[in-house]
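Contents: one structure, followed by commentary.
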Ligand code: AMP
Ligand code: AMP
């Protein structure tokens with residue numbers, strides 16, 4: 001088998017442009033499975049050799065035949081919009097460990113995984129009655145922070161939950177510090193952990209509340225929300241690097257018992273003024289925070305001396321696996 005026999009495919013949204021561009025740069029044929037509204041985008045950027053239009057994300061499951069020679073690279077839209085049980089059963093060359101996406105959408109499993117790895121995590125309150133400090137109310141799935149809110153007392157919680165009855169939520173201690181998203185890549189081919197970059201998010205309205213005076217904020221009776229709009233690149237203090245590598249290694253190690261993680265993943269953290277790093281979530285696939293680095297991050301440049309995005313790094317791994325006859329090891 002060589003790379004001419006294989007295409008790289010993904011569904012159209014989230015990080016598809018980056019994944020497909022990276023695959024093309026490594027010499028793969030590419031295609032995208034896209035809903036109608038996004039088709040003009042993939043046409044415009046010319047990153048896909050073929051575009052398959054679908055009416056609904058779940059039509060993806062009817063495409064086994066078309067995807068026969070394609071390796072599917074998953075991203076958050078899979079977690080957000082697709083039936084993961086169906087995805088698990090589909091006959092498909094899937095990059096990564098298919099079971100892992102379901103862990104990500106289950107906050108309990110996610111939590112066990114992080115604790116298993118010995119990472120510092122915010123306190124979880126098992127009942128609203130226990131709320132005794134600032135707590136962030138978060139919903140399940142890769143929702144990008146949509147609808148989250150902060151409360152300080154049980155009464156406040158019940159009042160705000162009224163509008164979103166029946167939704168599954170988690171109550172997490174609100175950590176005051178700066179958000180920092182760490183983009184990892186664990187290469188199974190080279191048995192090496194890499195850090196590809198860092199970002200922070202640009203969230204509405206929380207990132208704009210500081211643009212109005214405190215007295216006006218109070219008058220407007222604002223509700224904070226964390227709906228993601230985009231991502232901003234960050235370079236971190238170099239002296240913090242050992243800590244981030246250590247954290248990533250622990251995650252890879254503790255995932256071994258659950259079937260293993262490889263390829264891209266991200267730890268979503270808050271760094272406190274004491275420089276303690278609290279991990280509040282893990283994404284077990286490429287994150288959109290890698291998009292500002294479509295032509296490489298400072299860290300991929302330092303490692304490779306070339307413009308390597310996470311999308312391209314994935315394609316490099318797939319290519320290496322094909323060329324060394326180890327493709328099976330990275331498909332799950
Ligand atoms: P979309 O295809 O844009 O609807 O995104 C798919 C999922 O990924 C949604 O749940 C989004 O909230 C999440 N998402 C999209 N873009 C970003 C981003 N830049 N950062 C973090 N999450 C995102
Ligand atoms: P998530 O959907 O879990 O990535 O969270 C969305 C946003 O909520 C993050 O970017 C943070 O700004 C904020 N956030 C989430 N969890 C916490 C926490 N425990 N403490 C403080 N801020 C948080």
Subject >> All positions within the range 281-310 that are over 30 Å from residue 112 (Cβ atoms) and either touching a strand residue (DSSP E or B) at 6+ places or on another chain (Cβ under 7 Å) or assigned to a helix (DSSP H, G or I) (or both) >> reply: 292, 293, 297, 298, 300, 301, 302, 303, 304
**OP:** All but one of (1) modelled with pLDDT under 95; (2) touching a helix residue (DSSP H, G or I) at 6+ places or on another chain (Cβ under 8 Å); (3) assigned to a strand (DSSP E or B) hold for residue 227, so report the exception by its number.
**Re:** (2)
Original post:
Does residue 197 count as surrounded by 16 or more Cβ atoms within 10 Å (Cβ to Cβ), at pLDDT below 90 and closer than 22 Å to residue 233 by Cβ?
Top reply: no
**OP:** Spot the failing condition for residue 245; the list is (1) within 16 Å of ligand 2 (Cβ to nearest atom); (2) modelled with pLDDT of 95 or more; (3) more than 17 Å from the chain's Cα centre (by Cα), and only one is missed.
**Re:** (1)
Subject >> The one condition in (1) within 30 Å of residue 176 (Cβ to Cβ); (2) away from ligand 2 (no atom under 16 Å from the Cβ); (3) under 20 Å from the mean Cα position of the chain (by Cα) that residue 34 fails to fulfil >> reply: (1)
**OP:** Go over the candidates 257, 281, 221 one by one and state the one that is touching a helix residue (DSSP H, G or I) at 6+ places or on another chain (Cβ under 9 Å), modelled with pLDDT under 95 and surrounded by fewer than 18 Cβ atoms within 10 Å (Cβ to Cβ).
**Re:** 257
Subject >> One residue from 51, 71, 124, 109 being within 30 Å of residue 159 (Cα to Cα), modelled with pLDDT of 90 or more, more than 14 Å from ligand 1 (Cβ to nearest atom) and touching a helix residue (DSSP H, G or I) at 6+ places or on another chain (Cβ under 8 Å) >> reply: 124
Original post:
Looking at the range 85-96, which of its residues are surrounded by 14 or more Cβ atoms within 10 Å (Cβ to Cβ) and part of a loop (DSSP other than H, G, I, E, B)?
Top reply: 90, 92, 96
Original post:
Residue check, residue 233 against (1) under 20 Å from residue 280 (Cβ atoms); (2) within 16 Å of ligand 1 (Cβ to nearest atom), all met but one. Which one?
Top reply: (1)
Original post:
From the residues in the range 154-194 that are modelled with pLDDT under 95 and in a loop (DSSP other than H, G, I, E, B), which one is farthest from residue 284 (Cα to Cα)?
Top reply: 165
**OP:** Have a look at 99, 36, 86, 24 and point out the one that is farther than 17 Å from residue 291 by Cα and at pLDDT 95 or above.
**Re:** 36
**OP:** Could you grab the pairs with beta carbons closer than 6 Å, sequence gap of 6+ or different chains, first residue in the range 255-277 and in contact (Cβ under 8 Å) with a residue 40 or more places away in the chain and more than 10 Å from residue 96 (Cα to Cα), second one assigned to a loop (DSSP other than H, G, I, E, B) and within 12 Å of ligand 2 (Cβ to nearest atom)?
**Re:** 266/287; 270/175; 270/177; 271/177; 272/177
Original post:
Counting just the residues of the range 311-332 that are in contact with a strand residue (DSSP E or B) (Cβ under 8 Å, 6 or more places away or on another chain) and within 17 Å of residue 100 (Cβ to Cβ), which one comes out nearest to ligand 1 (Cβ to nearest atom)?
Top reply: 314
Original post:
Which members of the range 97-146 meet the condition of being in a strand (DSSP E or B) and either more than 27 Å from residue 231 (Cα to Cα) or away from ligand 2 (no atom under 11 Å from the Cβ) (or both)?
Top reply: 125
Subject >> Residue in the range 1-21 that is nearest to ligand 1 (Cβ to nearest atom), counting only those that are modelled with pLDDT of 95 or more and under 24 Å from residue 328 (Cβ atoms) >> reply: 11
Original post:
Of all residues in the range 225-246, which are touching a residue at least 60 places away in the same chain (Cβ under 8 Å) and out of contact with any strand residue (DSSP E or B) (no Cβ under 6 Å at 6 or more places or on another chain)?
Top reply: 235
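The values are calculated or read from the model by the stated rules, or taken from the named source; none is laboratory data. What you see is a predicted model; the values in this text were computed from it and never measured. Cβ coordinates were reconstructed from backbone atoms using ideal geometry, including for glycine residues, and neighbour counts include every protein chain displayed.
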